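The structure under discussion appears below in the form of structure tokens.
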Amino acid sequence: MDRSRKILDTAAELFYEKGFHGTSVDELGARSGLTGPAIYRHFSGKDEILATLFDEAMDELIRAVEPADDDADIDFERLVRHHVEFAIRHRHLVNVTQREDRSLVDPWRRKVNRRRKLYVDCWESAVARCLPTATSAEVAVATQSCLGTIFSIAYWPTKVSRTPGLADLIVRLTNEGLDAFRG
């Protein structure tokens, strides 16, 4: 594993455990097997490390929201399943991106906010395809309900997040949630 990757993975763990502001560069270096100052050979500081974690998460999530099937329901199921599996695999990272967005500083904050808006817009398009008669407000509510459910996995007890067939359960739950809008 290259050092930048090790630093990022360690940062996700430490930011999850202690928060962004509760983690020092020296501690990050020590847990990564480096000295604190060696971190600066890879990143300009903690702010860039946090922004890079956000970017990596957004890269994968944005790629997944692109439509991949002509059938809106099949595409929605694929979208939900991917996001649930991402939230399970990267619990610490998802938790950090949910909690520490307030710690982002400009110019990274602006970039993340633009990307997050694009991401939510894509989700709303996917939901709107499944709910062609829904109002824009209903689509927004349905979208936020789906995202809230999926990303709440980062806060669940580990035992619960390892429930066999969890992705299938969440797909069913979100589909049944959309049924409320189908009337």
Checking the condition open to solvent by less than 30 Å² (accessible area, probe 1.4 Å) and assigned to a helix (DSSP H, G or I), which residue from F151, F181 passes?
F151
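Filter segment 99-117 down to the residues that are touching a Phe, Trp or Tyr at 6+ places or on another chain (Cβ under 6 Å) and either more than 22 Å from G45 (Cβ to Cβ) or charged (D, E, K, R) (or both) and list them by number. Show your work before the answer.
Going residue by residue through segment 99-117, those that are touching a Phe, Trp or Tyr at 6+ places or on another chain (Cβ under 6 Å) are 100, 103, 112.
If the condition is that a residue be touching a Phe, Trp or Tyr at 6+ places or on another chain (Cβ under 6 Å) and either more than 22 Å from G45 (Cβ to Cβ) or charged (D, E, K, R) (or both), then E100 is the only one that fits.
Only one of these is among the acidic types (D, E), out of contact with any strand residue (DSSP E or B) (no Cβ under 7 Å at 6 or more places or on another chain), modelled with pLDDT under 95 and closer than 19 Å to A167 by Cα: E17, E27, E60. Name it.
On the way: E17 fails: closer than 19 Å to A167 by Cα; E27 fails: closer than 19 Å to A167 by Cα.
Result: E60 is the single residue among E17, E27, E60 that is among the acidic types (D, E), out of contact with any strand residue (DSSP E or B) (no Cβ under 7 Å at 6 or more places or on another chain), modelled with pLDDT under 95 and closer than 19 Å to A167 by Cα.
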Pick from segment 154-170, criterion modelled with pLDDT of 90 or more and among the β-branched types (V, I, T), ranking: surrounded by the most Cβ atoms within 10 Å (Cβ to Cβ)
I170
Scanning segment 93-108 for residues that are more than 20 Å from A64 (Cβ to Cβ) and either touching a helix residue (DSSP H, G or I) at 6+ places or on another chain (Cβ under 7 Å) or crowded, with 17+ Cβ neighbours inside 10 Å (or both) gives E100, S103, L104, V105, W108
Out of (1) closer than 26 Å to R91 by Cβ; (2) part of a helix (DSSP H, G or I), what's the single condition that is false for P164?
(2)
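For residues in segment 125-139 being open to solvent by less than 50 Å² (accessible area, probe 1.4 Å) and part of a helix (DSSP H, G or I), which is nearest to D69 (Cα to Cα)? Outline the logic, then answer.
At the first step, the residues of segment 125-139 found to be open to solvent by less than 50 Å² (accessible area, probe 1.4 Å) are 126-128, 130-131, 134, 139.
Filter again for part of a helix (DSSP H, G or I), leaving 126-128, 130, 139.
Details: A126: 11, V127: 13, A128: 14, C130: 12, V139: 20 Å.
Checked segment 125-139; the qualifying residue nearest to D69 (Cα to Cα) is A126.
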Yes or no: segment 23-44 includes at least one residue that is touching a residue at least 24 places away in the same chain (Cβ under 8 Å), within 30 Å of N175 (Cβ to Cβ) and surrounded by 13 or more Cβ atoms within 10 Å (Cβ to Cβ).
no
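The values are calculated or read from the model by the stated rules, or taken from the named source; none is laboratory data. Keep in mind that this is a model prediction, so the values were computed, not measured. Every residue, glycine as well, gets a Cβ built from its backbone with ideal geometry; the counts of neighbours run over all protein chains shown. Each accessible area value is taken on the protein alone, full model and side chains, heavy atoms only, with ligands, DNA and RNA left out. Shrake-Rupley method; radii C 1.70, N 1.55, O 1.52, S 1.80 Å.
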